[in-house]
1. So how far apart, in nm, are the two label points at A:LYS309 and A:LYS141 if each is 7 Å from Cα heading toward Cβ?
2. Taking only the C-alpha atoms, wrap a convex hull around chain A and report its volume per residue in Å³ as a whole number.
3. What GluC sites (Glu not before Pro) in the stretch B:310-370 are in a loop by DSSP, with at most 13 other Cβ atoms within 10 Å of the Cβ?
4. What is the dipole size for the stretch B:107-246, taken about its Cα centre, with +1 at each Lys and Arg Cβ and -1 at each Asp and Glu Cβ, in debye to the nearest 20?
5. Run lengths n ≥ 4 of DSSP H only: what is the helix-derived mean residue ellipticity at 222 nm for chain A, with -39500 (n - 2.57) per run over all residues, to the nearest 500?
6. Give me A:VAL289, A:VAL222, A:VAL62, B:VAL138 ranked fewest to most by other Cβ atoms within 10 Å of their Cβ, as a rough exposure proxy.
7. Which net charge results when you count Lys and Arg as +1 and Asp and Glu as -1 among the other residues whose beta-carbon is under 12 Å from that of A:PRO223?
8. Expressed as a whole number of Å, what is the distance separating the alpha-carbon centroids of the stretch A:214-252 and the stretch B:105-134?
Amino acid sequence: MDLSFSPEEVAFRDEVRSFIRDHLAPETRAKLIEGREIGKQDIVDWQKALHARGWAVPHWPVEYGGQNWSPVQEYIFLDELQMAPAPSALPFNVSMVGPVIATFGSAEQKAKFLPGTANLDIWWCQGFSEPGAGSDLAGLKTTARREGDEYIINGQKTWTTLAQYADWIFVLARTNPAAAKKQEGISFILVDMKTPGVSVRPIQLIDGGHEVNEVWFDEVRVPAENLVGQENKGWDYAKFLLGNERMGIARIGTSKQRLKRIRELAKLERFGDTQLLDQPWFREKLTAVEIELKALEITQLRVVAEARKRGKHGTPDPNSSILKIKGSEIQQATTELMMDVVGPYVMPFGASLDDEDQTNEPPIGPDYAAAAAPTYFNWRKISIYGGSNEIQHSIIAKAILGF
Amino acid sequence: MDFDLTDDQRLLQDSIVKLMANRYGNFDLRQAYRKHPEGFDRAVWDEYAQSGLLALPFAEEYGGFGGGGVDTMLVMDQFGKSLAVEPYLASVVLAGAVLRHGAQPAMAAEFIPMIAGGEALFALACTERASRYDLHDVSTTARRDGADYLLEGEKSVVLAGDSADYIIVSARTAGGRRELAGISLFLIDAKAEGVSRRGYATQDGLRAAEISLASVRVPADRLIGTADAGLATLERAVDEGIAAICAEAVGAMEALNALTVDYMKTRKQFGVPISSFQALQFRSVDMLIAAEQAKSMAIFAALMAGEENPAERSRAMSSAKVQVARSARFVGQNATQLHGGIGMTMEYKGGHYFKRLTMLEGLFGDADHHLRRLAQAGSLLDAA
C-alpha cells in the first residue's frame, strides 16, 4: 500500500501544473478564485488552449483526440484543474455528448460534430430534465414525431445550463409513446438551437445569476439523420453518458483550493483582538472540514485504484456515489465557512440579471465578501444535480447493500 | 499509488482470518473467554504466539518479522471484526512500540523476545487521574536513590494492566507536572514490592487496572532510553496505538454494518422486511459511508505510523482519530437504532460492537481532543 504517485505520475502532474500556469488567463483564474461569474469566452479560450495541447478530451477514444490516460492520470489532471483553479472543459461537450457520438453516432455525425465539440467551436447544452421529469428522468414528456425525413419535436426542457451560449442541444424525446416501459420509447436527438421553434427563456437562481434556462420546442423540425444510434434506444445512451460523469465528481481539488483561500482570508478578518483564524472555534470548524476532505481524497484514490484494476470500460463503480454525496457536502461546507469568514458583510446583494444595473462602483465591504452568500445559495445545487444525493443513496442501497 | 497487499500481507491476512474464524466464529466463545480470571483464554494467546502474530512488528534479530503499520492494520481489523479480548494492543502494539523505539540494545534483547514469544505480558501505564489524554501530564515521580529509582504515584485505566507481567510506567524525573521535558519511562516488574493493582472489567468486556506505586524500587538499568527524554518515545508508541485502534474500529464498524444489513433483510414488520423502508435504507447507506471514510483514514494512519517526523505523524494520527471516532459513534448509535430492542440486549453481538466502538472513540483521545490538537497544529492540507 502506498498513497504516493509514481515518479512518472509526479512528472505528469508537474507538466499539467506548468501548462496551467503558462496558459490559463490570469483574469479567468481570478474570477474563479473570487467566485465571480466566468463568461463564455473564458471557457472557450481555455478549452481551445487545452485542445491545442491535446488535453480537452483525454478520455475519448484515441482516434477522436483521446490520450489513453490511466485513471490515475485522469484523476491527477482534473485535480490539478480544480486546484489551480481553472475551468474544466465544457462537460456537456467532453463528458456527455462527445463520448455518446464517438460510441454510438454515425460516421457522418462523428465527422460533423466531434472536432468542433472537442475544440468548443460547437457549444452543446443538455436537453434532459423537464418540469415533470427530474430524478425520474424517464418520465419525460417531450415528443419527437417522425414525418418523412424529419422528426418534429414538441415539449419543454428545463434547468438547461448555459443554453444561452449553446449552438446545439442534445435532447431526450419520446419517439414511442406506446412502449411498454417508459424507458423504452426514448430517443437521443441532436438539435441546432437556431432551428425555428426553439426558444430559450432564462431562469434566475436564488443567487441572482443566470446559468440555467427553460428551452421550449414548438413543432421543431429536425433532420432524421440527427438521431443518434437507434430510435427508442436513447435511454441506454443517456445511462452511458451519466456513467461518464463520474471521474472528478467529488471535486476534491476545488474544495482544497477553497479551504486554502478560507484560511488566508481568515487571517485578514479581525475577531476581537485577534485574527479570525486564531479563534479556536473557527480553526476547529475549518479543521473538521479538512479532515473530511482528507478522508474523501483517500476514498477517491481507492476508487481510482479500483478503476485502474477493472479497466476503463467497466460498469460505473457504485462507490462513486459516495464521492458525489461526500464531495457535495464538503463543497457546501466550504461555502458555509466562507460566510463565517465575511461575517456581517455577507449581507449586501450585488448581483443582477440586467446589464444596465451593473455599475463601476467599488464593492461594499471587502472585495472577497460579495461572492460569499451567492456561492452559498448557488451551491445548494451541487447536492441536487448530477443525480441528487438521495438518488445516490438509492444507488448505494441497491448496488452495494443489496436492498 | 496502490492499495494492494503484498503476497506476505495477503498470507498474513488469510492466516488470521482463519484463526479468528476458528477461535471467534461463535459469539458464545468470546463470552466464555471473558470469564477466565485474566479476562481472556491463554490457549488463544498461545495460538497467536505460535502463529507469529505476537512477533509481527519486531525486528528479526529479536525473533520478529519486521512488520509495519499495514501489517498491524490487517491484524487489528480482524480483531475488530471478532471483538477479540486478548491484550494484543497493550502488550504487542503499545509496550512493544516503547521497547522498539526506546529501549537500549541490552534491554531490547532481553525483553522483546518475551513479548514476541508470548512468554510474558506487558502493559503501558501512561494515564493518570488528572492527565486525561495528555501524555505529558505526569505526576508520578521517579527519584534517584543510589543505583535505583524509587517510583511513587498512581496510574489510571492501564489497559490489560491486571494480567501484565511487566508494566512500562511514565514518571517524572524532572520538571513540573505538565512540562514536556523531565519524563522518563521505566520497565517495572508487576510483582515488585510497592506495586498494587486493582483490576476491573471495562465497558467493552476487556480488562484494565488502577495501579499504585508506593516507593517501588527500580534498578537504573530498567530506565528505558535516556532519563528526562521519554516523552518522544511514549508519543510514538501511542501514535502507533492510535493507528492500530483506528484499524480495529474500522473492522468493528464493517462487521456491525454487515450484521445490521443482514438483520434488516430478515426482520419483518408490517408484513415486509424492514430493509424495504427507504428511511432505514438511507440510514444504513450513511453508516456505510461513515465506515468507508473511516477506512480511508485508518489506511492513512497505518501508512503514517512509521513516519519519523513526529509532527507529521501526530497530525496524521489526530486526523484519523477524529474521523474514526465520529464514524464509530455514528455507526454504533445507528446500528443500535436499526436493530430496535434486540440491539439493546446483552446477549446479542451487535451491542458489544457498539460498546467496543464507544470505548475506542475515547481511547488515546476523543474526537474533540484530537480536533483541538490538529486545529492548533495548522492546516492538514499542507501536510506531505
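1. Here the modelled spin labels are 4.7 nm apart.
2. Cα-based convex hull of chain A, divided per residue, equals 157 Å³.
3. When the GluC sites (Glu not before Pro) of the stretch B:310-370 are filtered for loop state and at most 13 Cβ neighbours within 10 Å, B:GLU347 remain.
4. Computed charge dipole of the stretch B:107-246: roughly 320 debye.
5. That comes out to -13500 deg cm²/dmol.
6. By the 10 Å Cβ count, ascending, the order reads A:VAL62, A:VAL289, A:VAL222, B:VAL138.
7. So the environment of A:PRO223 carries a net charge of -3.
8. Cα centres, the stretch B:105-134 to the stretch A:214-252: 64 Å.
No value in this document is a laboratory result; all are computed from the given coordinates. Bear in mind that the values here come from a model prediction, so they are computed numbers and not experimental data. With ideal geometry, Cβ positions are generated from the backbone for all residues, glycine too; neighbour counts draw on all protein chains shown.
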